[in-house]
1. Can you pull out the residues in the range A:173-196 that are at the interface with chain B (Cβ under 8 Å from one of its Cβ atoms) and part of a loop (DSSP other than H, G, I, E, B)?
2. Which one of these does A:Asp265 not meet: (1) assigned to a helix (DSSP H, G or I); (2) away from chain B (no Cβ under 12 Å); (3) open to solvent by less than 40 Å² (accessible area, probe 1.4 Å)?
3. Out of the residues in the range B:143-159 meeting the condition of being open to solvent by 10 Å² or more (accessible area, probe 1.4 Å) and within 7 Å of chain A (Cβ to nearest Cβ), tell me which one is modelled with the lowest pLDDT.
4. Pairs needed: first member in the range B:90-112, more than 11 Å from chain A (Cβ to nearest Cβ); second member anywhere, β-branched (Val, Ile, Thr) and part of a helix (DSSP H, G or I); C-beta distance under 9 Å; at least 6 residues apart or different chains.
5. Any residue in the range B:233-241 that is under 20 Å from B:Asp203 (Cβ atoms), touching a Phe, Trp or Tyr at 6+ places or on another chain (Cβ under 6 Å) and in contact (Cβ under 8 Å) with a residue 40 or more places away in the chain?
6. Given the criterion surrounded by fewer than 20 Cβ atoms within 10 Å (Cβ to Cβ) and either at pLDDT 90 or above or of a type in the set (Phe, Trp, Tyr) (or both), identify the matching residue among A:Thr164, A:Thr177.
7. Of B:Leu44, B:Leu61, which residue is open to solvent by less than 10 Å² (accessible area, probe 1.4 Å), assigned to a helix (DSSP H, G or I) and in contact with a Ser or Thr (Cβ under 7 Å, 6 or more places away or on another chain)?
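The values are calculated or read from the model by the stated rules, or taken from the named source; none is laboratory data. Just so we're clear, the structure is a prediction, and the values are computed from it rather than from any experiment. Virtual Cβ from ideal backbone geometry, glycine too; neighbours counted across all protein chains shown. Calculation scope for accessible area: heavy atoms of the full protein, side chains included, ligands and nucleic acids excluded. Shrake-Rupley method; radii C 1.70, N 1.55, O 1.52, S 1.80 Å.
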Amino acid sequence: MQLLTAPRGLIVDIITPFTKGGAIDGPGLRKLLNRVSPHAQAVFLASPHTGEGKSLHTEHRVELLEQAIPAMAQYPIPILVWVTQDNEADSRRTTIALKGVIEKRGYMGDLFWVDTPLYYHSNRGLPDLYKALCSVVGKPYILHNDPEFINGLTRPLKRNNIRTAVLKELISLKEITGLIFSGSLDRAHNYHKACRRRPNFRIYDGEELHFLDHPSTSGVVSLGANLAPKAWEKIIQSSLDLSAHKKDYPDHLRQIWELGDYLRDMRDIYLQAPTPILKETLSDMGIIETPICTSQFEDTRESKARLKELMIRFGDYGRRESVTSQSD
Amino acid sequence: MIIEQAKNVLTIEAQSILGLIERIGPEFEKAVETILKAKGRVILTGMGKSGLVARKISATLNSTGTSSLFLHPAEAIHGDLGMATPDDVILAISSSGHTSEINRILPILKNMGAKIILFTGGLDSPMADISNIVIDVGVEREACPLGLAPTASTTAALAMGDALAVVLLNQRRFNKDDFRRFHPGGSLGERLAFKVKEVMLTDDHIPTVPLGSKVGQAIEEINEKKIGATLITGKDQRLEGIISDGDLRRALINKENIYEMKVEEIMSLSPRTIDEDETSAEALGLMELHAITHLVVVDEQRRVKGVLHLHDLLGREGFIPNAAINSATRTHS
């Protein structure tokens, strides 16, 4: 297996667009990918939250990846796909099915499997599990640690975080290249400490606010970047490449400050129901066909209106802009 | 909320330094050896906040015995590169390793023959590729939101600079005298920069009794002038000897009724002397060398010009140098 270094920077947590018939909205997905990819270092498909991955069966994820590949083939950035299912066997089956898509499509770009191991497995024996998985799945892994997500399970495990000692063992596997992390700052420090012997091991902020407040040097998984990829790109550049902005001076700091406020305000609005609000906005912008989600949400019209007003103010909302950025 | 935010910032910054501990290794040792072997100076360079950190590290190196200067990368390409020589060691600081101004000058410096040490978090950057020694000062996250200013990364670089300076200091066996030499602006250094004539006791403040005086008279003089000794002078105020508290103690043990004895019977015949134009640092060195607390200041004919007590060098409360008060009255307690 060719080993990759996990990307550093902006990973866009892509919404999963559906047609009225419930299939994957391929054209919509490609428009969205074409809109965000030039500004990102990776895209994340079928993520458990924004990508509604919890509700996507293997066939859906296969279809999603198949629809994404034509668009992504033109961008030199990796695809991340969430492969976790309710149990170990299904997760493995999904991963192997997705691997089949790559092989069938002859996709030459970089790809990482994202797995939330505590969703279906306890800490005990995790290193052995991944030793076995890595030998068959053909692509490197990025792990996902999200205690709130695990707490929401109907049969929660005793521990909702990957134990630091277990992580230390896991990173001895070179196929495990990064971790999307949500949780406390203290745990983040412990994880970083555990991973120091792997200089290129990435620990991404899984929560946008964490990154906006105290940016990690690996990057962030952002759902807001579905709507405002350019603004996120600027924030990422500012946060990760601190010396590269001299050309923006003298008002660089003001620009960044305003953009930071914009992204925070945006987040405050869509936090109520991120996926439907993002989908409705993208649908209104003409990027995706419908705002259909896999589950029902409360009325989000007010939030959507506020978001639209905010995005217009920052030049991120416009059907023309979204249409001209399409390539399909 | 305010306290919580402040705690978060301090935690992140503290972690940025703690994270360096495990990464100190052979590269750091190589950096120390390279600097110790270098015939030239350590030239620090960095842009923006890293430049400020570089300036501080340069100052610390200078204070601790490693000759150093700061080279601004932007000025370097407009002529300042001329200050570098093949014997110098370049210490560049760049958080990302992509700072274009530094990337422009490092190849030139390397071609010149200078060794390049890099402090960076960008271990796979072009700057790291060209450097001879790369020291990882990367941090897991910045404390400042939105990358408005580097915070944890500059803290880490600064701390690593301190580590380098202190290790170099220890390796060079930098001692107190060296410290004095390099700290003329410090509180102690300031005093030690004075000439002896500026800090010595003069005129009526010099405890002195003539040859032939009784020891009782010498004791009264010691008691009055309160510096623990009196000079014994001959014709034209020439220095003949000194009686210190120690001489008196020894005389009391060995002899009876010392009050009636002549001073020449118990005085030390060869008191240590110094010229009035020597520095206080030199005077302190002599006192340390001979384990004494007094020096007599004499001219070429051994005529007494003043006397210097250790306390005058180390600083008494309310100390004002003679240069300022021009032999005004001082009270020693």
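1. A:Arg196
2. (3)
3. B:Leu148
4. Within 9 Å, the pairs are B:Ile90/B:Ile105; B:Leu91/B:Ile35; B:Leu91/B:Ile57; B:Ala92/B:Ile102; B:Ala92/B:Ile105; B:Leu106/B:Ile130; B:Pro107/B:Ile130; B:Lys110/B:Ile130.
5. no
6. Values: A:Thr177 fails: surrounded by fewer than 20 Cβ atoms within 10 Å (Cβ to Cβ).
When all the criteria are applied, what remains is A:Thr164.
7. Working: B:Leu44 fails: assigned to a helix (DSSP H, G or I).
Result of the check over B:Leu44, B:Leu61: B:Leu61.
Rundown of residues vs (1) crowded, with 19+ Cβ neighbours inside 10 Å; (2) touching an Asp or Glu at 6+ places or on another chain (Cβ under 6 Å); (3) at negative phi; (4) of a type outside the set (Asp, Glu), yes/no style:
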{"site": "B:Met83", "(1), (2), (3), (4)": "no, no, yes, yes"}
{"site": "B:Ser100", "(1), (2), (3), (4)": "no, no, yes, yes"}
{"site": "B:Gly113", "(1), (2), (3), (4)": "no, no, no, yes"}
{"site": "B:Ser131", "(1), (2), (3), (4)": "yes, no, yes, yes"}
